Structure formats: structure tokens, C-alpha cells
1. Which is over 27 Å from residue A:9 (Cα atoms), buried (at least 21 other Cβ atoms within 10 Å of the Cβ) and in contact (Cβ under 8 Å) with a residue 24 or more places away in the chain, of A:181, A:145, A:190?
2. Going residue by residue through the stretch B:86-102, is there one that turns out to be away from chain A (no Cβ under 12 Å), farther than 20 Å from residue A:87 by Cα and surrounded by fewer than 24 Cβ atoms within 10 Å (Cβ to Cβ)?
3. Among all residue pairs at least 6 apart or on different chains, which show Cβ distances below 7 Å where the first residue, located in the stretch B:236-260, is more than 8 Å from chain A (Cβ to nearest Cβ) and closer than 9 Å to residue B:162 by Cβ and the second is buried (at least 19 other Cβ atoms within 10 Å of the Cβ) and modelled with pLDDT of 90 or more?
4. Can you pull out the helices (runs of 4 or more DSSP H) entirely within the stretch B:1-75 that have at least 1 residues that are within 14 Å of another protein chain (Cβ to nearest Cβ) and crowded, with 20+ Cβ neighbours inside 10 Å?
5. State the number of residues belonging to the stretch A:124-142 that are closer than 17 Å to residue A:170 by Cα, without any contact (Cβ under 8 Å) to a residue 40 or more places away in the chain and crowded, with 17+ Cβ neighbours inside 10 Å.
6. Within the stretch A:65-96, which residues are facing chain B (nearest Cβ under 7 Å) and either surrounded by 20 or more Cβ atoms within 10 Å (Cβ to Cβ) or assigned to a loop (DSSP other than H, G, I, E, B) (or both)?
């Protein structure tokens, strides 16, 4: 399993945010972490990216235990945060170069990877533009290109389509699905929007810090549309 | 090791690029000490009588006396400014990007600190150059000898900023840092008046000033500018740097979960 989460618990003081969360995602699988606001998705992402340390349970990324071998695990992890993390005063290429260097890549090797990643995301001709001048969709593409530079085995995206218009959202969702199929990267895509999930995707339904359901989307929803299933399980409307 | 050095270079370079993009920050950093030097010092020259005390061999003007203190002021404000930018970075998320790099957190923080210290030192030299234009000159070798003192002082104050930034949750709280850290540190030091002068008015204030790490950073710079080493100041500044750095690493320890708010 590329991503393995076992019996994860976390609380802020007396408030429990995650309670015995377990799931696994296989290689090349697109998994949607679906949950209403406040379900614990952000806490889970903070734990997966080691901004928090687990209080109970374990996380394994590409077979590296996050607590025992954090640097090896982080080297195999690509992250697209919910907030933009681009330096707006730098160009797209400068942003990517900075990230490449944080992962130990420099010179021609870094430039080749940057060119390839930008080309893949259709951003090649914008390499010299400042991030500030990009629209929301292009900023996101830049961040995804950046997250793929070091060829991670697992890619985490925390509500990456927030604030984007419908066609851009659909384009990004399609792109990440293609990426899974073509490169074998494992994707965990946090969202509260059911239209971003396909029947063949794995769905991990998180609600009030617990996993309510985990399985193939088509199997879980049965004959019902996904929003109806989601509403029935969580009591939340989409 | 190669990976760590590549990352360090990139972090330092990013700090430099950010600085270049904020021209008004550079001007503010230069104007502030110059106002003190050219206006405040001129006014106080008559009021304050300075006797000869090491490292000075002759009577000196008040302008000459406060030059090391103003070098320290640049390091102090810059150290705090970079901590402000860290809080901003954290709110903007780019600190997350840095901290998810597969390198030890202490190394990443140290690289950030080194970057901001280099920027501070460039500003100090720009200030010393302008002071020289106004005929406030120092021994020629002093300009070189002061470099290690500026590095250590810059690292100390940068580490303090880093440590503070890990404990400040929001940008708004930064005004408190101005009032409760920067001003007391600056005024309760030997930057503007010699400590023996302070002792004349209050023994207690003198003792507080004498235990202020900023005083020792300023004295280290003062002696270095005259190509001398103040051993006591060196020990104090080194110790304070180690303590502040340890605090910063502790503050950014993921186990303490200071990095994110509830999600």
C-alpha cells in the first residue's frame, strides 16, 4: 500500500478531531477524502504532512513510517496545500526552482524536471510570468507541477479546487485522474464537493473525525446519486 | 550533505530576492538609524558628556558613540522584521512548504536565519557607508573586524525573532513585540548611553542593562569596530544565540503543534 493510515487519533485539548481513523490507498489509485467542513480533513492533512505529530496511531507513506523515518517519507510525498503557497513576487520558474532546491535538485537536472512538469500541466509558456499575475486556475496548476517535481509516490491535495470556476475545477480533476493512470502516483484528494468524484475512485468518507465509509464510489452509492448518499450518511447537504 | 547545502543556498537566495522586491524596507532600514545619527545625536551631543572609556582612546563625539548601537539597531529591527515575515509566511502557507521539505527542521530554520542575517549585515554596511560620507569614520580595519561581530549579533537577534515567531499565533500580535521586545531591548542597553552613565541614575536599571543580551551584542560590535575583542560580550552573545536558537527549534517542533490552527 502506498498510503497507510492506522488507528489515527488526534485531539485539540479536550476536543477530539480524529478518532481511530484507518484507511489505505493503493498504488496509482485516486482516493477522494470526502467530508463536510469540520470533518477533520485539515487535521488529517496536517498529520500526513508532519506539521502535527500523531498522538495515537501510525502513518506510512510509500512504506516509510512517518514517525520512524520522517525524511524518507517526506521525500516521497508531494503536497498541494489548500492555501496558495506560491511566492507571488517570484516567477513560476523561480518558485519551482526554490522547491526543487529544497528537495536537493539544482542546475540542469532541476531545469529539465521543471520544464517537463510545466509542460505536463500546460504551463510551459508561463514559466517566466510572476505568480501574482496568474489566475487561480493557473496558480493551482503551478502548485501541482511543483508538487510533482521530485516524482513523489504519493500526492496529497487539500481541497485544491476551492475558489475555482466550474470548467477549471473539471479540468484539474480530469488532469489528476490522468496523472494517476499514467504515472502510477497515488492521490489523496480532500474535498467536500461530490462532483469531483468518479465511480471508479476510492471514497473515504470522513465525518466528525471518524471514517464512516471506505470503498469504491460506485459500490458505496449504489443507485443513488453521490450527493444523496453523502447527505444520508453525514446529514450534510452539498 | 549536498542536498542540505543546495537547500540552504536556495533559502538564502529567496530571502535576498524578497528583500530586493521590498525596496521600501531597505530604505526604512537605512533611514531609521540615520535619523538617530544625524538628528537625535546632534541634539544630544551637548547634553551628554562622555569620558574616555575603552575601546576609545580619546574623547569622542556622541555621533561616534552611538554608531555601534545603531548597527545593533539595524540587526534588531531586521531580526524582528524577519520574524514578522515568518508569521506572515505561516499565515500565507509558505512556511508549510518549507517545513515539509525532507530536511531536518533545525537546518531549515538555521538556513532561514542565515539568510536574514546576511541581509541585515548588508544594511549595516550601507549605514556605515552613509555615516562615513557624513565624516563619522572608524579605523580602516574596523570595517572588516566588525564582520564576525555582526554575524554573531545578527544570528542572535534573528534567532530571537525566530523563537518569538513560533509563539506568536497571529500577525496582529506583532505590535506587542514592538512594545515589549524591541523598545525595551533597545533602550535598556548601551546603544544610546554608556552603562556607567546609567549607573549614576539607577543601579537597578544599570543591572538590567548589563544583563540585556542586546547590550553585549552592541559592545561586541563597538570593540570590533576598533579591532578589539570584548571577551565578556562574546561569551554572552554566543550563549544567548544558542539559547534563542534552541527555543526556536523547540517552538517549531511538530510535536508541539504550534504550526497550524484547528482544522
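The values are calculated or read from the model by the stated rules, or taken from the named source; none is laboratory data. Keep in mind the model is a prediction, meaning the values are calculated, not measured. Counting neighbours? That spans all protein chains shown, and the Cβs are built from the backbone with ideal geometry, glycine included.
1. On the way: A:181 fails: buried (at least 21 other Cβ atoms within 10 Å of the Cβ); A:190 fails: over 27 Å from residue A:9 (Cα atoms).
Criteria check complete, one pass: A:145.
2. Pass one, the stretch B:86-102, residues away from chain A (no Cβ under 12 Å): B:86-87.
Add one more test, that the residue is farther than 20 Å from residue A:87 by Cα, and what stays is none.
No: zero hits.
3. Listed by first residue and then by second, the contacts come to B:244/B:156; B:244/B:159; B:244/B:160; B:245/B:159; B:248/B:159.
4. Values: elements: B:2-21, B:23-35, B:41-47.
Correct list: B:2-21.
5. Total meeting the criteria: 3.
6. Residues of the stretch A:65-96 that are facing chain B (nearest Cβ under 7 Å), as a first pass: A:71, A:74-75, A:79, A:81, A:83-85, A:87, A:89-90.
The answer is A:74, A:75, A:79, A:81, A:83, A:84, A:85, A:87, A:89, A:90.
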